[in-house]
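Read the structure below first, then the notes.
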2 protein chains.
Amino acid sequence: MLESVQVTKTSLQIAVVLFPRVTALDAIGPYEILQRLPGATVTFVGHQRGEVRTDNGFLGLSIDQTFEDEVAPDVVVVPGGIGSRALLEDEVALGWLRGAHRTTRFTTSVCTGSLILAAAGLLDGLTATTHWENLDDLAKLGAVPTSDRVVEHLDRRIVTAAGVSSGIDMALRLAELLTDRVTAQAMQLITEYDPQPPFDAGSPAAAGPEVVARAREIGLLKD
Amino acid sequence: MLESVQVTKTSLQIAVVLFPRVTALDAIGPYEILQRLPGATVTFVGHQRGEVRTDNGFLGLSIDQTFEDEVAPDVVVVPGGIGSRALLEDEVALGWLRGAHRTTRFTTSVCTGSLILAAAGLLDGLTATTHWENLDDLAKLGAVPTSDRVVEHLDRRIVTAAGVSSGIDMALRLAELLTDRVTAQAMQLITEYDPQPPFDAGSPAAAGPEVVARAREIGLLKD
């Protein structure tokens, strides 16, 4: 059984990409689930070691490994955020991503992180998802956008998640693929992921036009 | 109308407490919602400026303000994690929390952060929640534990949330209390919080004994 082989794996290297003006929850949602898998090591990777500030600048997150370091992560997570735009033409970052993808078990994204995967050529002709406000951008970069919350192409080792919080759902699925269902369920229990949002406004359809208008007014990404 | 007064408020100061071995998602879930509220400024507060590492050490988060700095935050968020234990007898941290609470609109916690609120004397005789593994610890500190996901005492300006991911649900409720329902719903839409976990294992009752046993074996907090 594939599962039993994976459970006994002693090392699981997970790389999470960081950049200035990243959306914190895009990165931290998957991190929180994946870091707890048996044998997991999570490393935050970016242009240079040290602090980057999140989208509105309120929080500093640390990069511990650079795109120049030799790594062969089993899993790559690319988050989104306003800063993701700068990576679309960043050949160092895109080159790192293409290189890492050659040997990953899963190359993944959350929110506008999928635009970066697309810019690296990893989503050509594939269905993929992103934040609901950015589905058209994804199409322009050669992917086939869908509004599903998690889109997986296991044969291509690519998994994309929709906006911000969807990375938690994606990571639970990755946990199952990387270990086994009971371990993945234990991750859900440990993080007490028993969602009880006080409203039903998590998608444009559920939220309705007034809330969509307010969201656009506030802006996903404050420039 | 209370709501219209709050919407026009130009400044909303939010303080999130950090400490070594904090659980990242406890802090980042509420941060991600609250940072986007109109007029919001989020500051990460701790013993000294600079980096602290999260529970397993994989991620550095930056403290930008110390417990010695003069502040009067409107909202305080106290996250949990293995490092929360050290704060239970930390008079500098507890003193800061008591002082801040005098003028907050809401003093809140996620996961074992409620143990810190209890240690500061803020939960005496009040119902409150925490991670499902720590309900007994909360009772020992003078609170009345409940397993509800979010417990609010608006007259006391205290809101506690259960384990790790529950801070997202709490923050959406806080968003409503701080602004108005449409703005809070816009936060849910912006973060695309339309949860679709692949399993139903987010509470001990739903998870069942095998998953609870695996969760305990893996451990919420790796020592």
### Message
Among (1) in a loop (DSSP other than H, G, I, E, B); (2) open to solvent by 20 Å² or more (accessible area, probe 1.4 Å); (3) within 16 Å of residue B:191 (Cα to Cα), there is one condition residue A:206 misses while meeting the rest; what is its number?
### Response
(1)
### Message
As an exercise: evaluate residue B:195 against (1) more than 7 Å from chain A (Cβ to nearest Cβ); (2) closer than 28 Å to residue B:40 by Cβ; (3) surrounded by fewer than 22 Cβ atoms within 10 Å (Cβ to Cβ) and give the number of the one condition it does not meet.
### Response
(1)
### Task
Residues that are open to solvent by less than 50 Å² (accessible area, probe 1.4 Å), free of Cβ contacts under 8 Å to residues at least 60 places away in the same chain and within 14 Å of chain A (Cβ to nearest Cβ): find the helices (runs of 4 or more DSSP H) completely inside the range B:91-180 holding 1 or more of those.
B:113-119, B:135-140, B:166-178
### Query
Looking at the range A:48-61, which of the residues that are within 18 Å of the chain's Cα centre (by Cα) and either free of Cβ contacts under 8 Å to residues at least 40 places away in the same chain or under 17 Å from residue A:86 (Cα atoms) (or both) is surrounded by the fewest Cβ atoms within 10 Å (Cβ to Cβ)?
A:53
### Task
Report yes if some residue within the range B:68-81 is open to solvent by 10 Å² or more (accessible area, probe 1.4 Å), out of contact with any Pro (no Cβ under 8 Å at 6 or more places or on another chain) and within 14 Å of chain A (Cβ to nearest Cβ); otherwise report no.
no
### Query
residue B:188 is checked against (1) touching a Leu at 6+ places or on another chain (Cβ under 6 Å); (2) at positive phi and fails just one. What number does that condition carry?
(2)
### Task
Report whether or not residue A:82 is within 29 Å of residue B:187 (Cβ to Cβ) and part of a loop (DSSP other than H, G, I, E, B).
yes
### Message
Just to be sure I understand, how many residues within the range A:181-192 are crowded, with 24+ Cβ neighbours inside 10 Å and not in a loop (DSSP other than H, G, I, E, B)?
### Response
7
### Task
Only residues that are within 8 Å of chain A (Cβ to nearest Cβ), under 30 Å from residue A:217 (Cβ atoms) and open to solvent by less than 10 Å² (accessible area, probe 1.4 Å): list them for the range B:19-47, please.
B:24, B:25, B:28, B:29, B:31, B:32, B:35, B:36, B:42, B:44
## Note on the structure
Out of (1) of a type outside the set (Phe, Trp, Tyr); (2) free of Cβ contacts under 8 Å to residues at least 24 places away in the same chain; (3) at the interface with chain A (Cβ under 9 Å from one of its Cβ atoms), the one residue B:205 does not meet is (3)
### Message
So for the range A:208-220 (the condition being more than 7 Å from chain B (Cβ to nearest Cβ), within 23 Å of the chain's Cα centre (by Cα) and on the phi < 0 side of the Ramachandran plot), does at least one residue qualify?
### Response
yes
### Query
Would you say residue B:130 is within 11 Å of the chain's Cα centre (by Cα) and more than 25 Å from residue B:179 (Cα to Cα)?
yes
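The values are calculated or read from the model by the stated rules, or taken from the named source; none is laboratory data. These figures come from a predicted structure and were not determined experimentally. Glycine gets a Cβ as well: all are built from the backbone with ideal geometry, and neighbour counts include every protein chain shown. Just the protein is used for accessible areas: all its heavy atoms, side chains included, with ligands, DNA and RNA removed. Shrake-Rupley method; radii C 1.70, N 1.55, O 1.52, S 1.80 Å.
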